[in-house]
RNA sequence: CGGGAUGUAGCGCAGCUUGGUAGCGCGCAUGGUUCGGGACCAUGAGGCCGCGAGUUCAAAUCUCGCCAUCCCGACCA
């Protein structure tokens, strides 16, 4: 491809609309342009990258035995009403009406549609198992689209759905997808982790997220330094600490309410305006480990209180699981006030009338500090005997250095971008949509399903987040829009021109993807554009090199330069690309 | 949806406080000189100043309404 003829509008300056690097660089490198909030055009360079990712995805899905289909983007309301998601999905579902007033939506995901397809065709266990996938445009009317292709409203997604006769089969399908995903992201040249994940609203109870590691990632991932364990921070389990002496000494016994000096336990202390753990510990001169934080949650079944040690953070997802109420959220200040009788910052478990859940770590504490459920009052010398706990459990967020739940090693924290998510669904959709089959015994059963998604554009964006420098993108070779960029520094000079043309022809006929910068531009412009668009190998043809009958190779990722004799250029490129594979 | 901000040339911005009909840098076009890390000189094209209403002799500037975009939060592949 000749640059002079290519539609590749690069930008020198950063458009203000772009906040994150991948978005900035995609705009600057002429990959994308914005049409509306969260809706983008893909320019030629962008399309090339997306197609590369898609090709890898397609190959690995096919290899795993999945079959490609294509479902529509406009979906009838009836299917969504059948599973209840027409109402449940909320505003994210973009709804529209046709000329007859019939309701439709733009598909944000396709469980309903495939399930409908499959239930119409599958009668017998003999037709199972199989896996259908598509690479298709989805639309989700996100509350706040941002970060370019990272979180658009319209985006390209590969979604796959597996159909099995039983749970064991479904788990096998799930593992096959896990392997396929691992192969896909590895082949894309990305550093990633498959982490245990919360299966969330889609339901089911077996789920992994594939996270591309990048410091700018929005998701926090914990990963064991010693074993393979990795999990979404929400999921990262923590084993109860070993039983031992309570951290504050021997706790008081039931009914022991008076001190030897005649004072009553727990002891009320004035803490005017001291709301945060930091303020209270400083004021009272104790460490945060001696404090118990009380966090009020509210849900459909009413409020609950959660206790964690002062230096720990509560993990809402764990609270929801332990309390068995999916609707629990951290309560608003007015609810906190109603429940505790005190402004936020002075909540404590003593005398609370709502169920109290406590983190394991609290079980090992004695003579601790809590809020007093009254403005400007805290309690010291509190013990577990002073209040009732509904249940102890793992309720806090993991922190760096915490022990790994699998092997006891230390947990490390990483940041990642979720590019893929796999779920075991069970019979969630097949049940409600009556996608049944007859098993060997002639019994009618719902099909066991799994669903598996990859954000294609997001994968490209994540690749940039992970691989860039201050000059621009550094594409991993497998998803680079071109493998080689060939610069002719003086297209006006005959010798330079003819050598560059010759190398261009040789590379092209060898099947190598090369962008030939034959523009009438100054060298600096060409070097900078080449760095910006991030093609892995740059070849420079210029007078300076030609004096010695050499052209220059430069690797984008490392900056390594070398001189190669003109006549060996094409061959050397092949060697270079072979080495990088 | 709540809080904050911004809309002026393709991009980045100034002008708005104190009304007088628009400017800078980059980019673009033409000519010349340059030519190995975003050149220089000259000339030039390009703007219903987001949209609508109002105040005024006069509005980019003041007032009101609307729209769009961005940021923070809740939400999310």
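We did not get these values from a lab; they are worked out from the coordinates using the rules stated. On a predicted model such as this, the values are computed, not experimentally measured, just so you know. In this analysis, Cβ positions are derived from the backbone assuming ideal geometry, glycine residues included, and neighbour counts consider all displayed protein chains.
Site pair residue A:237 and residue A:14 shows an inter-label distance of 4.2 nm when each label is modelled 7 Å from Cα along Cα→Cβ. Using the Cβ-Cβ distance between residue A:575 and residue A:505 with R0 = 22 Å, the FRET efficiency computed as 1/(1 + (r/R0)^6) comes to roughly 0.70. The slack between residue A:549 and residue A:103, meaning 0.36 nm per residue of separation minus the straight C-alpha distance, is 153.7 nm. Between residue A:388 and residue A:96, the contour length at 0.36 nm per residue exceeds the Cα-Cα span by 99.9 nm. Per the Debye formula on identical point scatterers at the alpha carbon atoms of the range A:482-580, with no solvent, log10 I(q)/I(0) at q = 0.19 Å⁻¹ is -0.85. The relative contact order of the range A:482-580, computed from alpha carbon pairs under 8 Å that lie at least 6 residues apart in sequence, is 29 percent.
Taking R0 as 60 Å, what FRET efficiency do you get between residue A:363 and residue A:73 from their Cβ-Cβ distance, rounded to the nearest 0.05?
Between residue A:363 and residue A:73 the formula returns 0.70.
Using only Cα atoms, tell me the angle between helix A:523-533 and the longest principal axis of chain A; keep it within 0 to 90° and round to the nearest 10. Its long axis makes an angle of about 40 degrees.
Here the simple spin-label model places points 7 Å from the Cα toward Cβ, and for residue A:440 and residue A:143 these points are separated by 4.9 nm. A Cα-only calculation for the range A:267-393 places Rg and Dmax at 13.3, 39 Å. Could you work out the Kirkwood radius for chain A, taking every pair of different alpha carbons, averaging 1/r and inverting it, reported in Å? Its Kirkwood hydrodynamic radius stands at 27.8 Å. Only alpha carbons enter this Debye calculation for the range A:88-211, each as an equal point scatterer, and the log10 of I(q)/I(0) it gives at q = 0.09 Å⁻¹ is -0.34. Between the range A:32-64 and the range A:1-23, how many Å separate their Cα centres? What the calculation gives is 16 Å, centre to centre. Summary of the geometry: the range A:510-581 and the range A:290-332, compared by the centres of their Cα atoms, lie 58 Å apart. If R0 is 25 Å, the Cβ-Cβ spacing of residue A:563 and residue A:493 corresponds to a FRET efficiency of close to 0.85.
Using every Cα-Cα pair within the range A:337-426, state what percent have a distance larger than 20 Å. Percent of Cα pairs beyond 20 Å in the range A:337-426: 56. Calculated mean residue ellipticity at 222 nm for chain A: -8000 deg cm²/dmol, from DSSP H runs with n ≥ 4 weighted as -39500 (n - 2.57), summed, divided by the residue count and rounded to 500.
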